[in-house]
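I have placed the structure first, in the form of structure tokens, so that the comments after it can refer back to it.
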Amino acid sequence: MGSVVFLLRTEADAEDPFAAVLHAAGYQPFVLGVQEVVWVDPEQLQRVLAHPEAYGGLILTSPRAVEAVRRLGQLLEAWRTHPVYAVGPRTAEAARALGLRPCGQESGTGINLAHFILTQPRPKRPLLFLCGARRSEELPVLLRQQGIPLEECVVYDTRPIIPDVPTAAPLPDWVVLFSPSAWESARQLSLDWSRVRIAAIGPTTAQALRQQQVRVDAVAAKPTPEGLLQALSAVSV
């Protein structure tokens with residue numbers, strides 16, 4: 001049998017695309033929900049989205065930010081003509097489901113998306129950045145340093161929960177962390193961490209984990225199922 005991989009996701013999903021790709025490659029993936037999403041001030045988000053004319057575009061760096069918008073109902077048509085910048089294929093796919101036309105999804109990380117935005121026509125009005133309470137500083141700092149007007153709106157937060165490991169799950173060879181905060185839940189698992197390899201879903205997550213003194217054995221170059229598979233395959237267990 002292939003290596004056992006625990007995927008520490010915000011929420012467990014039976015149709016997780018990362019699990020599907022790893023399973024097809026011979027791994028034994030198990031998806032564990034490690035965070036509870038808390039929606040922050042939807043009334044404020046509703047007020048902001050009611051005035052698309054005040055903004056020069058929209059920045060979305062996670063599917064949860066898109067979900068916060070979806071939960072409010074129909075978007076004003078004017079948003080569909082605005083530039084929309086999204087990190088990663090899942091965020092872009094969720095944005096397209098709302099009728100938006102995202103670009104920049106190949107950037108893979110927030111900092112790379114910021115560099116992509118800097119190659120686009122400079123907005124005359126602020127870009128609206130819908131983010132989580134624990135978002136990285138890299139994207140907003142770089143854009144502001146380059147004179148790009150930016151308004152942030154926190155739309156969700158996450159709280160760690162103890163992962164519910166399936167009874168049939170063997171001890172893992174790999175634990176994959178999809179965010180720095182996932183480590184808060186991971187370390188509550190009864191594992192001998194000297195025998196378990198740790199993978200990060202991208203360079204930004206890896207950097208934040210290392211700042212917490214967490215050993216990272218593999219880093220996905222892009223936050224995609226294929227990127228994760230390549231990272232795991234490059235490291236022998």
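Just a few scattered comments:
- The condition (being touching a Cys at 6+ places or on another chain (Cβ under 7 Å) and outside any strand (DSSP E or B)) is satisfied by just one residue among 75, 45, 22: 45.
- Condition check for residue 61: within 17 Å of residue 132 (Cβ to Cβ) and either surrounded by 21 or more Cβ atoms within 10 Å (Cβ to Cβ) or free of Cβ contacts under 8 Å to residues at least 40 places away in the same chain (or both): yes
- If the condition is being within 15 Å of the chain's Cα centre (by Cα) and either at pLDDT below 90 or not assigned by TED's automatic domain parsing to the domain that holds residue 8 (or both), then the range 160-181 contributes 179, 180, 181.
- Taken as a whole, the range 55-62 holds at least one residue that is closer than 25 Å to residue 202 by Cα, modelled with pLDDT under 95, assigned to a loop (DSSP other than H, G, I, E, B) and not aliphatic (A, V, I, L, M).
- Residue 80 vs. criteria at negative phi, touching a strand residue (DSSP E or B) at 6+ places or on another chain (Cβ under 9 Å), part of a helix (DSSP H, G or I) and not assigned by TED's automatic domain parsing to the domain that holds residue 195: no
- Residue among 13, 41 that alone is over 14 Å from residue 153 (Cα atoms), loosely packed, with under 15 Cβ neighbours inside 10 Å and under 21 Å from the mean Cα position of the chain (by Cα): 13
- Looking only at the range 66-85, and only at residues there that are aliphatic (A, V, I, L, M) and within 18 Å of residue 154 (Cβ to Cβ), the one that is surrounded by the fewest Cβ atoms within 10 Å (Cβ to Cβ): 72
- Boolean, residue 154 is in contact (Cβ under 8 Å) with a residue 60 or more places away in the chain, among the β-branched types (Val, Ile, Thr) and touching an Asp or Glu at 6+ places or on another chain (Cβ under 8 Å): yes
- Of all residues in the range 92-118, those satisfying the criterion of being under 17 Å from residue 220 (Cα atoms) and either in a helix (DSSP H, G or I) or hydrophobic (A, V, I, L, M, F, W, C) (or both) are 105, 106, 107, 110, 111, 112, 113.
- Subset of the range 17-30 (residues that are surrounded by fewer than 18 Cβ atoms within 10 Å (Cβ to Cβ) and without any contact (Cβ under 8 Å) to a residue 40 or more places away in the chain): 23, 24, 26
- In the range 202-226, the residues that are in the same structural domain as residue 25 (by TED's automatic domain parsing) and loosely packed, with under 15 Cβ neighbours inside 10 Å form Cβ pairs under 8 Å with partners that are outside any helix (DSSP H, G or I) and not small (Gly, Ala, Ser), at six or more places apart or across chains, as follows: 210/216; 212/180; 215/198.
- Some residue of the range 29-41 being out of contact with any strand residue (DSSP E or B) (no Cβ under 8 Å at 6 or more places or on another chain) and of a type outside the set (Asp, Glu): no
Listed here are the residues, each with its yes/no results for (1) out of contact with any Leu (no Cβ under 7 Å at 6 or more places or on another chain); (2) in contact (Cβ under 8 Å) with a residue 24 or more places away in the chain; (3) assigned to a strand (DSSP E or B).
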| residue | (1), (2), (3) |
| --- | --- |
| 144 | no, no, no |
| 148 | no, yes, no |
| 158 | yes, yes, yes |
| 165 | no, yes, no |
| 168 | yes, no, no |
| 179 | yes, yes, no |
| 183 | no, yes, no |
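The values are calculated or read from the model by the stated rules, or taken from the named source; none is laboratory data. Since this is a predicted model, take the numbers as computed values, not measurements. We place every Cβ from the backbone using ideal geometry, glycine too, and count neighbours over all the protein chains shown.
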